[in-house]
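The values are calculated or read from the model by the stated rules, or taken from the named source; none is laboratory data. Keep in mind that what you see is a predicted model, and the values were worked out from it rather than measured. Heads up, the Cβs are rebuilt from the backbone with ideal geometry, glycines too, and the neighbour counts pull from every protein chain shown. We work out accessible area using only protein heavy atoms, side chains counted, and drop any ligands, DNA or RNA first. Shrake-Rupley method; radii C 1.70, N 1.55, O 1.52, S 1.80 Å.
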Amino acid sequence: MNWHTRYTQQARWTQSLRAYLYPRVNIQSARRILEVGCGTGALLTEIAQQTGAALFGVDIDRSALDQAAAHAPESFLSHADGLRLPFIFQTFDIVYCHFLLLWVRDPLAALIEMKRVIRPNGAILALAEPDYGGRIDYPAELAVTGEAQRESLRAQGADPDMGRKLKGLFAEAGITPIETGVLGGQWHDPLPPAEWENEWAVIESDLAGAASSLDLPHLKKLDRQAYARHARVLFVPTFYAWGRVV
Ligand SMILES: C[S@@+](CC[C@H](N)C(=O)[O-])C[C@H]1O[C@@H](n2cnc3c(N)ncnc32)[C@H](O)[C@@H]1O
């Protein structure tokens, strides 16, 4: 699995959300911006083109950070746990994360840590947290794939239903929620073959150990046929939230 390709694809799904939110948090006037769980730097690379702010990224995975150093060479990167950020309090104007909190052992503690390093009236953004419990699969016989992926995420230590919890977690962390929402679904036909293959690479990697009872080649065939009929719908509600600390 090429993780940078995967993260870049996920970043494309949420691009219009960022275009909507960045002006609302005055990204142009920010001086220091932090991404917690920056992965291979897919978002840092993009944000570098939109602001003159100093960019910082932390991640717990050293190999992801090595890639981030190549993709976002202008960023200051640290190998650290989001639960113990290596910064003094009130360092940043904006702190954001993207597909992070579902993976964190204690997401409330992670948000409280983001709150510690944000300056007064700074903005904290959770840009994408999926909710597999609300996933729609059509045709119905493909729903087993979604259910197995949800279980597989759970087995990997993730919370597959993080999306719905985001709003309450912000409030509990003492971050005044300003806006919470769900990204809309759009389906462009035909789906580029490379994207379909990539999607299946993720499914097969997710379900490698867990899905012995699933006939993946058969499901893959059904999935291909459904796409060919333009009937396939796959929607994972993906939540976002942003707020300020006053
Ligand atoms: C799905 S990836 C998203 C990467 C990046 N935000 C993006 O959207 O391209 C989640 C990232 O969070 C990192 N991560 C998970 N738990 C973490 C923690 N406690 N502290 C810091 N990073 C963490 C993982 O190593 C991984 O790189």
Worksheet item: Looking at the range 38-78, which of the residues that are of a type in the set (S, T, Y) and under 22 Å from A110 (Cβ atoms) is nearest to the ligand (Cβ to nearest atom)?
Response: T40
Discussion item. Can you tell me which of (1) loosely packed, with under 14 Cβ neighbours inside 10 Å; (2) within 29 Å of L219 (Cβ to Cβ) is the one V144 doesn't meet?
Written reply: (1)
Worksheet item: In the range 87-100, how many residues are more than 23 Å from Q15 (Cα to Cα) and either small (G, A, S) or within 16 Å of the ligand (Cβ to nearest atom) (or both)?
Response: 1
Worksheet item: Which strands (runs of 3 or more DSSP E) sit wholly inside the range 173-246 and have at least 1 residues that are under 16 Å from Y138 (Cα atoms)?
Response: 233-235
Practice prompt. Go through the range 19-80 and tell me which strands (runs of 3 or more DSSP E), entirely inside it, have 1 or more residues that are at pLDDT 95 or above, closer than 17 Å to I124 by Cβ and open to solvent by 30 Å² or more (accessible area, probe 1.4 Å).
Written response: 32-36, 54-59
Response to the item:
Among residues of the range 101-141 being within 14 Å of the ligand (Cβ to nearest atom) and assigned to a strand (DSSP E or B), the residue surrounded by the most Cβ atoms within 10 Å (Cβ to Cβ) is A126
Worksheet item: Does at least one position in the range 147-155 carry a residue that is within 13 Å of the ligand (Cβ to nearest atom), among the small types (G, A, S), open to solvent by 60 Å² or more (accessible area, probe 1.4 Å) and out of contact with any Leu (no Cβ under 9 Å at 6 or more places or on another chain)?
Response: no
